[in-house]
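Everything on this sheet refers to the single structure shown next.
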Amino acid sequence: MIEARNLTKVYGDKTAVAGVNFTVEAGRITGFLGPNGAGKSTTMRMIMGLDRPTSGTATVNGVPFDRHAAPLREIGALLDAKAVHTGRSAYNHLLAMAATHGIPRKRVHDVIEMTGLTEVAKKKVKGFSLGMGQRLGIAAALLGDPQTIILDEPVNGLDPEGVVWVRTLAKHLASEGRTVFLSSHLMSEMAVTADHLIVIGRGRIIADAPIRDIIAGQGLSRTRVRTDQPDQLQQLLAGTGVTVARQENELLEVTGLDPRQIARAALDGRVMIYELTPLHVSLEEAYMELTKDEVEYHSHITAGAAPVQPGGN
Ligand SMILES: Nc1ncnc2c1ncn2[C@@H]1O[C@H](COP(=O)(O)OP(=O)(O)OP(=O)(O)O)[C@@H](O)[C@H]1O
């Protein structure tokens with residue numbers, strides 16, 4: 001379990017992390033999201049003892065990282081895959097890390113195999129592609145067989161097979177009761193990987209909830225309704241907080257009522273409907289809604305909202 005209590009980091013006149021409180025529970029995958037510059041890396045670095053908090057605390061299983069007797073066995077982290085730029089081979093790099101932490105050589109072989117690096121293990125790390133470097137970073141994070149795993153942008157640079165591998169690995173680690181905390185800007189990936197989300201914006205926590213609650217909480221859910229009496233149905237559904245948009249002649253899109261309420265109103269008004277499809281918002285849409293006022297670096301070209309997929313999430 002990771003706990004942040006009033007965790008704050010100030011750089012000069014910039015407050016990167018502004019007194020955040022959250023708990024990352026064991027046995028599930030917690031995603032850490034936020035716009036560029038929101039404070040994710042700074043928070044993760046403080047948890048790992050790489051940055052000293054200006055005030056507040058970050059603990060792992062109740063103890064600050066640097067007070068653990070054998071930190072690598074307690075917490076494994078991938079924070080900056082590019083940080084490993086060495087003339088050593090992947091195998092020797094891991095072996096050196098293992099040696100300084102009393103980790104047996106057998107474990108080095110295990111993590112190399114686990115991360116798909118067997119073919120390149122004897123090659124120099126500085127020739128590695130971004131994806132190979134990422135796999136090596138994950139191998140290093142797993143070396144001490146830690147109870148807590150922190151991965152900052154783990155799928156960055158990975159090919160589709162690698163992305164699925166990270167997802168499967170994270171789920172497996174969480175199913176073993178470990179604490180898994182990961183950040184990613186890839187919403188579609190986060191949606192299928194994480195159980196719980198913590199969203200940070202301008203150094204403050206703006207959401208801390210299960211993914212489905214975050215999506216539902218944005219109130220963006222719409223329902224597509226087809227009827228041969230659209231005018232009558234539009235009148236029947238009118239009410240406070242309800243929006244009915246006419247898409248095509250017999251097609252309406254309704255916000256503010258769930259499908260059951262729409263069906264009930266139609267039945268009571270004796271209007272036949274021949275399609276009723278919930279349009280779930282994507283995590284990306286919910287996230288954009290949640291963080292729209294928190295984005296520090298706005299792009300000048302604003303893309304249209306992502307299309308809503310029937311039955312998607
Ligand atoms: N060493 C530093 N000195 C000064 N300011 C810093 C330092 N590290 C981070 N910052 C600032 O703190 C804020 C938070 O940065 P941080 O890297 O934690 O954000 P992030 O959420 O990880 O962003 P990204 O998604 O772009 O990686 C940013 O405004 C950043 O410029």
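Values in this text are rule-based calculations from the coordinates and carry no lab data. All figures in this text were calculated on a predicted structure; none of them were measured in a lab. Note that each Cβ is placed from the backbone with ideal geometry, even for glycine, and that neighbours are counted across all protein chains shown.
Descriptive notes on the structure:
- Assuming charge only on the beta carbon of Lys and Arg (+1) and of Asp and Glu (-1), the dipole of region 26-152 about its Cα centre is about 340 debye to the nearest 20.
- Rule-of-thumb Rg ratio for region 221-280 [Cα; 2.2 N^0.38 Å; N residues]: 0.94
- If you run the Gaussian network model on the chain, springs between alpha carbon atoms under 10 Å, then out of 87, 131, 144 the most flexible one is 87.
- Projecting the Cα atoms of 27, 70, 60 onto the charge dipole of region 1-116 (Cβ charges, centred on the Cα centre) puts 70 farthest toward the positive pole.
- Note on residue 292: lysines with a C-alpha under 18 Å away, same-chain residues under 8 apart excluded, are 40.
- With θ taken as phi - 60° and the Karplus curve 6.51 cos²θ - 1.76 cosθ + 1.60 applied, the whole-hertz 3J(HN,Hα) list for region 152-165 is 8, 6, x, 9, 4, x, 8, 6, x, 5, x, 4, 5, 4 Hz, x standing for glycine and proline.
- Part-to-part distance (alpha-carbon centres) for region 89-154 and region 165-191, which is given in Å: 18
- DSSP beta bridge pairing in the chain, given as percent antiparallel to the nearest 5: 70
- Each Lys and Arg contributes +1 and each Asp and Glu -1, all at the Cβ; summed about the Cα centre of the chain, the dipole is approximately 1240 debye.
- Sites counted here are trypsin sites (Lys or Arg not before Pro) in a DSSP loop (not H, G, I, E or B) having no more than 16 other Cβ atoms within 10 Å; the longest part of the chain that contains none of them is 124-269.
- Sequence-distant contacts, meaning Cα pairs under 8 Å at least 6 residues apart, place the relative contact order of the chain at 20 percent.
- Both radii are taken from the alpha-carbon atoms of region 9-111; with Rh as the Kirkwood radius, Rg/Rh is 1.01.
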